[in-house]
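Q: Please find one structure pasted underneath; my questions will follow.
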Amino acid sequence: MTLNNKTTTEQLIKQVSWAFLAQMILTSVHHLYGGIVCDSGLRSSMPIFATFELLTVLSLLFWYRRTQSGVALTLFTVVIAFVGAVQGLFHAIYGHAYKDALFLMGIPADQVRNFSFPYYPTISFIPRTMFSLS
């Protein structure tokens, strides 16, 4: 997206809102699919957290749009940074990239489980045909 004189705060807020909504939908579908395939209630419950995140972010954006409040913008920034850190750094890197890299290097699933943090007490691997898509 290129910012120019015609790009208004209103447009930016709408674009951020739609982008965050898309991220939460993709995250929810991803976790629902993983929960069904791996029979994991924990994974299936992630859309509940995604809904909470979405409502929080949209509420802060709505507040900022209405008031131009620095407090609303600061809280929005903190929430987005937290969501990015949790989803980006912990979940994406540790929950997927780390264990997937070990698995793709040919380390058997039972041994990959030995490298798992207790947050993932049971790691289930999706059949190889769906592995890349998940």
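Q: Considering each residue of the range 27-58, count those that are charged (D, E, K, R), touching a helix residue (DSSP H, G or I) at 6+ places or on another chain (Cβ under 6 Å) and over 30 Å from Thr9 (Cβ atoms), and give that number.
A: 1
Q: Here is a check on your reading of the model: is Thr9 exposed (fewer than 11 other Cβ atoms within 10 Å of the Cβ) and modelled with pLDDT under 90?
A: So Thr9 passes the test.
Q: OK, next. Would the range 105-116 turn up any residue that is modelled with pLDDT under 75 and aliphatic (A, V, I, L, M)?
A: The answer is yes, given that some residue of the range 105-116 is modelled with pLDDT under 75 and aliphatic (A, V, I, L, M).
Q: Then there's this: What pairs can you find where one residue is in the range 81-96 and closer than 17 Å to Ser28 by Cβ, the other is modelled with pLDDT of 75 or more and part of a helix (DSSP H, G or I), and their Cβ atoms are less than 6 Å apart, with a gap of 6+ or different chains?
A: Val83/Glu53
Q: Filter the range 67-117 down to the residues that are charged (D, E, K, R) and surrounded by 11 or more Cβ atoms within 10 Å (Cβ to Cβ) and list them by number.
A: Lys99, Asp100, Arg113
Q: Which members of the range 59-71 meet the condition of being under 19 Å from the mean Cα position of the chain (by Cα), over 14 Å from Gln11 (Cα atoms) and hydrophobic (A, V, I, L, M, F, W, C)?
A: Within the range 59-71, Leu60 is the sole residue that qualifies.
The values are calculated or read from the model by the stated rules, or taken from the named source; none is laboratory data. Quantities reported herein were computed from a predicted structural model and do not represent experimental measurements. All Cβ positions, glycine included, derive from the backbone under ideal geometry; neighbour counts span all protein chains shown.
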